[in-house]
Amino acid sequence: MTKIELTVDGSKVSDDVEPRMLLVQFLREKLGKTGTLIGCDTSNCGACTVHLDGHAVKSCNMLAVQADGSEVTTIEGLADTYDGGELHPMQAAFHECHALQCGFCTPGMIMRSVDLLGENPDPSEQEIREGLEGNLCRCTGYHNIVRAVQTAAAAGKGAQA
């Protein structure tokens, strides 16, 4: 067992973990952060995307021990770290633009989209599509997802929490 200490959604946590435990398993099984989804276990789908020290990472492709000393934000903590419980502007844009169908990809898409606008606050449609390439949606065809990112960008509110 290895002791890790990190901040998750603004709260300090410390726990003993198996060195081979994935970050997504730690978040879901040890901390109950079930909004971080396990989709493919191969880092192809992006459903497990969280922010690690302010940048989007696929938590199924990272060991929990690698996050030791870091700050992690999950979809559950995105609103809390942004504005004390109000929806993050990207979450609001996804809601407003109906940028979901089954919703399975939505947490990862939102987390990646926030990071995307943190990197490029005014992306073109093509830049949005390229920026989201590592996150898969099998339902929507991406049109409303792209619209949601454009809406958040236009509002100037999509920058990182």
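All of the numbers you see were taken from the coordinates with simple rules; none came from a lab. Every value quoted in this text rests on a predicted model; they were computed, and no experiment measured them. For neighbour counting, all protein chains shown are included, and Cβ atoms are generated from backbone atoms with ideal geometry for every residue, glycine included.
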Let me see the P(r) profile for region 21-62: every Cα-Cα distance counted, bins of 5 Å, each bin given as a percent of all pairs. 6, 30, 34, 26, 5
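Between the DSSP loop rule and a limit of at most 14 other Cβ atoms within 10 Å, which GluC sites (Glu not before Pro) in region 100-161 are left?
The qualifying sites are GLU133.
I'd like to verify something in the chain: which complete DSSP H helices, judged by Cα projection on the helix axis, reach 15 Å or more and average at least 0.0 on the Kyte-Doolittle scale?
Details: long enough: 106-119 (19 Å, 0.34); 143-155 (18 Å, 0.50).
Membrane-span-like by this rule: 106-119, 143-155.
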Over the Cα atoms of region 1-88, how large are the radius of gyration and the largest Cα-Cα distance (Dmax), in Å? 12.2, 38
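For each of VAL114, VAL149, count neighbouring Cβ atoms within 10 Å of the residue's Cβ, then give the residues from fewest to most.
Numbers: VAL114 27, VAL149 31.
So the residues, fewest neighbours to most, are VAL114, VAL149.
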Provide, in order from the shortest bin, the percent of all Cα-Cα pairs of region 17-161 in each 5 Å bin, continuing until the bin that contains the maximum pair distance. 2, 11, 21, 24, 21, 13, 6, 2, 0
Summarise the long-distance tail of P(r) for region 79-155 by giving the % of C-alpha pairs beyond 16 Å. 42 percent
At R0 = 25 Å, how high is the FRET efficiency between ARG138 and THR34 if r is their beta carbon distance? Nearest 0.05 is fine. 0.80
